[in-house]
Amino acid sequence: MTDNFPTLPYKYDALEPYIDAETMKIHHAKHHAGYFKKLNDTLKDYPDIASKPINEILSNLNNMSEKIQDSLRNSGGGHANHTFFWSGMAPKSAGEPTGKTAAAITKTFASFNKFKELFSTAAATHFGSGWAWLVLDHSQLVITNTNNQDSPLSQRQTPILNLDVWEHAYYLKYQNRRPEYINAWWNVVNWNEVEKRFTETI
Ligand code: MN3
């Protein structure tokens, strides 16, 4: 695979007190690294697929042979979703969206606060392991969820922002209080990165 394992663009303790260093360390160096290893193991015998970037692999997942589809969905999604999640956070958040993202969010969801409320509810009520997403679907901003490590790329959607709601993402600090973790996460959303993703897509 053409992707490398990403180093975080900030230190493990940089998102304190919202996301603690121990969680970040285990999440990145154990969970994400585990997906990355499994992905490379899966692709070892498939050099033609391995020569492609992970986002392209996930976009074409439904055309892959059944033999490796589930494995790529889990390990490939696990790698791509986490890479996207890390760069979607930053220690010094702007606090709210800027530029074209801000305008599109207001147009689609009436206000940033309304968007926050809808996204938070989607993240808090998702049953079991998975992700909450803001995606572009046919040029329309949509809030959605995926199970396990499924990627919206496999549904022809373009990810703009994601939030990990697996228990491993918050349990050390927040235990069963997922809504508290979600509230805290808004403080570390990297809105500059979100704006970059959005303007590169539209
Ligand atoms: Mn995770």
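Per-structure values
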read-out	value
Shape category assigned to region 102-150 from the gyration tensor of Cα positions, a/c cut at 1.5	oblate
Rounded to whole Hz, the Karplus (6.51, -1.76, 1.60) HN-Hα couplings of region 89-95, x for glycine and proline	10, 7, x, 10, 7, 6, x
Peptides 60-68, 150-158, 42-50, 89-97 ordered by average Cβ neighbours within 10 Å, highest first	150-158, 89-97, 42-50, 60-68
Residues of type aspartates and glutamates that K44 reaches as a straight line, Cα spacing below 13 Å, ignoring anything fewer than 8 places off in the same chain	none
Global form of region 47-202, assessed from the alpha-carbon gyration tensor, a/c cut-off 1.5	oblate
In Hz, Karplus ³J(HN,Hα) per residue of region 185-202 (6.51, -1.76, 1.60; θ = phi - 60°; x = Gly, Pro)	4, 4, 6, 10, 6, 8, 5, 5, 5, 4, 4, 4, 4, 5, 6, 6, 8, 6
Cα gyration tensor shape for region 27-83, rounded if a/c is under 1.5, else prolate or oblate	prolate
Against the rule of thumb 2.2 N^0.38 Å, how large the Cα Rg of region 140-198 comes out	1.25
Rounded to whole Hz, the Karplus (6.51, -1.76, 1.60) HN-Hα couplings of region 6-20, x for glycine and proline	x, 7, 5, x, 7, 7, 4, 8, 5, 9, 4, x, 6, 10, 6
Relative contact order of the chain, defined on C-alpha pairs under 8 angstrom at six or more residues apart (%)	26
Distance between region 170-202 and region 12-40 - C-alpha centres, whole angstrom	15
Sites A103 and E180, calculated FRET efficiency, Cβ-Cβ separation with R0 35 Å, nearest 0.05	0.70
Residue-averaged 222 nm ellipticity for the chain, from DSSP H runs of 4+ at -39500 (n - 2.57), nearest 500	-12500 deg cm²/dmol
Cross-link reach list, lysines versus K92, counting only Cα pairs under 24 Å and skipping chain neighbours closer than eight places	K11, K25, K100, K114, K116, K173, K196
Computed Rg/Rh of region 103-188, alpha carbon atoms with Kirkwood Rh	0.97
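Every number here is computed from the coordinates shown, using simple stated rules; none is lab data. Values in this document were obtained by computation on a predicted structure and should not be read as measured data. Don't worry about glycine lacking a Cβ; one is built from the backbone with ideal geometry, like all the others, and counts go over all protein chains shown.
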